[in-house]
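Before any comments, here is the structure.
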Amino acid sequence: MTPSRQRITVLGATGSIGVSTLDVVARHPQHFEVFALSAHRNIDLLFEQCMRFAPRFAALELPAAAAELRTRLADAGSRTEVLEGPQALIDVAAAPETDTVMAAIVGAAGLPPTLAAAQAGKRILLANKEALVLSGALFMDAVRASGAVLLPIDSEHNAVFQALPERFERNPAASGVRRILLTASGGPFRDTAPAELEAVTPEQACAHPNWVMGRKISVDSATMMNKGLEVIEAHWLFGAPAEQIEVVVHPQSVIHSMVEYVDGSVLAQLGNPDMRTPIAHALGWPARIEAGVRSLDLFEIARLTFERPDFERFPCLALAYQALREGGAAPAVLNAANEEAVAAFLDRRLGFRRIAEVIAATLERVRALPVDSLDAILAADGRARQVAREEIRNRS
C-alpha cells in the first residue's frame, strides 16, 4: 500500500457491492478517500453516503433524481457537486483525480464508464461482469494499451486470481494451469425438478440460500446464467478457452473457486460467503487489509460437497458456453436478451422457464456480428433487445 490515500470512484454505490465497498473503505480512512459516487435511482441512500463520505461528486443518470439530490445536499450544507446523465458516469470514472474505480453498475449500462476507466489507465475493481461479456477483446485491449490494473471482484474470479501464479500473464499453458474450476451454489432451485420450475415466482427466485444480492443478479443465480456470464468473463480475464473452464456446483459456497495445475495440484480459495473479502483483497492488493468478515469455522461447516451442473435444469448455462464458443457479438446478444427476459420475469410478464427460451431464440435470430468498437457493441446490444422484446411478447 502506498503512503498516499487512494481516491476512489464507486460506480453503483447504492447496490450491494457498492455498499460493501464503502463498508471496507470506512474501516481504512488512512488508506482511502471517496472521490465520486454514482447511483441509478436510490436517492435516499446516496444522500446518506454523500453526507458520510463527502465525495467531491455524486452522479445520477436521471436529471430529475439529480435535481432532487442536489437540493437535499445543498439544504444539508454538503459541498458535494451533483452531476447528471450518462456522460457524468464516464467523466467521474476517467477523471484525473480518480485512482481506483469500483465498477459495480449492473448490466450493459456499466460498460461505457468502465471502458472509459480502462482507457484512462485506472486501477479497476471489476464487479460488472457485463463489461467483459459484451466487449471482451475491446476491453482487454484498452487495459493493455493504457497500463490499467484490472482486479476481479466476483468472488469466483477473485478466488482464481488468488490461486494463480504471481506472474500469470493470461496464458494458462505457460503457467502450468490445466483447468479453472468455477464454483456455483446452484441457487435456490438446485434440487428442483425441471417441471416444477414452471410455477416459480420472482420472490422464490430472489431468495438465494447463501448470498444477499440485488434482484436481477439473484434471478441470474437461480437460472445459473450468472455462472454462464462468469465463464465468459473468466475466458477474457485469464485467457482460458471454454474447454478449460469448468463449473462445479458447491452448495456451501465456502470454496469460491479453484485452479488445477498440470502436476495434479488443485489450489482453492476458501472463505465465508461475504463480498467484503474479495473487495478488501482488491482494494489492498498486493497487501492484505481487514474486511470486517468473520473467520471461517471449518468445524461448523463440517463437510463440503460438489456436484456436476444439470444443463437440463439450467439451460442458460449451456447457452452461455454456446455464445462463448460462437464469439463475435454472441456474448453481447446473450447478455442483452437475458437482461430483457429477467426484467420481464420480475415484472411477471414472463415465466421463469421462458427466460432461457427467449435467450435461445434471440441468439438464433441475431447472428454473430463483429464487435470492433463500442458503437458496434451497443448496436448489437440494441438489436438483441429489440428481438428479445418481440420474443417476450410472443410468450406473454
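Quick notes on this one:
- Scanning segment 121-142 for residues that are touching a strand residue (DSSP E or B) at 6+ places or on another chain (Cβ under 6 Å) and either at positive phi or surrounded by fewer than 22 Cβ atoms within 10 Å (Cβ to Cβ) (or both) turns up just one, R123.
- D375, sole failed condition from (1) surrounded by fewer than 18 Cβ atoms within 10 Å (Cβ to Cβ); (2) touching a residue at least 12 places away in the same chain (Cβ under 8 Å); (3) not aliphatic (A, V, I, L, M): (2)
- From the options E326, E290, E307, residue that is surrounded by 12 or more Cβ atoms within 10 Å (Cβ to Cβ), touching a residue at least 60 places away in the same chain (Cβ under 8 Å) and acidic (D, E): E307
- Within segment 43-78, tally of residues that are buried (at least 18 other Cβ atoms within 10 Å of the Cβ), of a type outside the set (D, E, K, R) and touching a residue at least 24 places away in the same chain (Cβ under 8 Å): 15
- If you go through segment 346-357 and keep only what is crowded, with 16+ Cβ neighbours inside 10 Å and either within 22 Å of the chain's Cα centre (by Cα) or in a loop (DSSP other than H, G, I, E, B) (or both), you end up with L346, L350, G351, F352, R353, I355, A356.
- Members of segment 247-273 found to be over 20 Å from R178 (Cβ atoms) and either among the acidic types (D, E) or outside any strand (DSSP E or B) (or both), listed by number: P251, Q252, S253, V254, G271, N272, P273
- Screening segment 9-60 for residues that are out of contact with any strand residue (DSSP E or B) (no Cβ under 9 Å at 6 or more places or on another chain) and at pLDDT below 95 and picking the one that is nearest to S218 (Cα to Cα) gives S16.
- For first residues located in segment 170-190 and assigned to a loop (DSSP other than H, G, I, E, B), partners that are modelled with pLDDT under 85 and lie 6+ apart or on another chain with Cβ distances below 9 Å form the pairs S185/H208; S185/P209; S185/N210; S185/W211; G186/P209; R190/P209.
- Selection within segment 16-56 - more than 19 Å from P278 (Cα to Cα), among the polar types (S, T, N, Q) and under 24 Å from the mean Cα position of the chain (by Cα): S38, N42, Q49
The values are calculated or read from the model by the stated rules, or taken from the named source; none is laboratory data. If you're wondering where the values come from, they're calculated on a predicted model, not measured in any experiment. Every residue, glycine among them, receives a Cβ derived from its backbone with ideal geometry; neighbour counts consider all protein chains shown.
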